[in-house]
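K.L.:
Here it is, the structure in full.
The values are calculated or read from the model by the stated rules, or taken from the named source; none is laboratory data. Here the structure is a predicted model, which means the values were calculated and not measured. Glycine also receives a Cβ, built like all others from the backbone with ideal geometry; neighbour counts cover every protein chain displayed. Ligands, DNA and RNA are stripped out before the accessible areas are found, and what is left, the full protein with its side chains, is counted by its heavy atoms. Shrake-Rupley method; radii C 1.70, N 1.55, O 1.52, S 1.80 Å.
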Amino acid sequence: ALSKGKAVTLAMANERLAPFGVAAMDVLKQAGVREGASGITLVRGENAAHAWHFLKSGAADYALGPWSMAKKDVFPFRLLDSSRHDSIAQVGVVLDSSPEDHFPRRFLEFLKRESSRRIIKTAGYDVEGG
């Protein structure tokens, strides 16, 4: 629909606030899609979940967002080649000044378990080191 010049509303996370918004803009730029051109209206959510809400509520015709959201919904979706945007690195940190820092440290250890890594991969995310 975007390439056919049809008037559409496309939801995405705000690229000034959210990594998925930066990735969405990368994809649009590579495709030569410009806001306002050919009847394309972009609506920006504060984050990917907010953008997805625009799609689910009918306020947008399409959305660019994470596969982990798309695969849980009833909307048809298309996976885009991840080479169209920079990787979105997500990390966890525990500040030395955190009171009772054993809870966040235990959570980070939990995330490193193979069983947790499988859950993360199943949700559609890559895990460092495979």
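K.L.:
Can you find a residue in the range 52-66 that is assigned to a loop (DSSP other than H, G, I, E, B), surrounded by 14 or more Cβ atoms within 10 Å (Cβ to Cβ) and in contact with an Asp or Glu (Cβ under 7 Å, 6 or more places away or on another chain)?
P.N.:
No, the range 52-66 contains no residue that is assigned to a loop (DSSP other than H, G, I, E, B), surrounded by 14 or more Cβ atoms within 10 Å (Cβ to Cβ) and in contact with an Asp or Glu (Cβ under 7 Å, 6 or more places away or on another chain).
K.L.:
Among the numbered criteria (1) touching a residue at least 40 places away in the same chain (Cβ under 8 Å); (2) open to solvent by 100 Å² or more (accessible area, probe 1.4 Å), which one does ARG84 miss?
P.N.:
Failing condition for ARG84: (2).
K.L.:
For the subset of the range 25-51 comprising residues that are touching a strand residue (DSSP E or B) at 6+ places or on another chain (Cβ under 6 Å) and assigned to a helix (DSSP H, G or I), which member is nearest to VAL8 (Cα to Cα)?
P.N.:
Filtering the range 25-51 for residues that are touching a strand residue (DSSP E or B) at 6+ places or on another chain (Cβ under 6 Å) and assigned to a helix (DSSP H, G or I), the one nearest to VAL8 (Cα to Cα) comes out as ALA51.
K.L.:
Out of the residues in the range 95-130 meeting the condition of being hydrophobic (A, V, I, L, M, F, W, C) and more than 24 Å from the chain's Cα centre (by Cα), tell me which one is nearest to MET69 (Cα to Cα).
P.N.:
My answer is PHE103.
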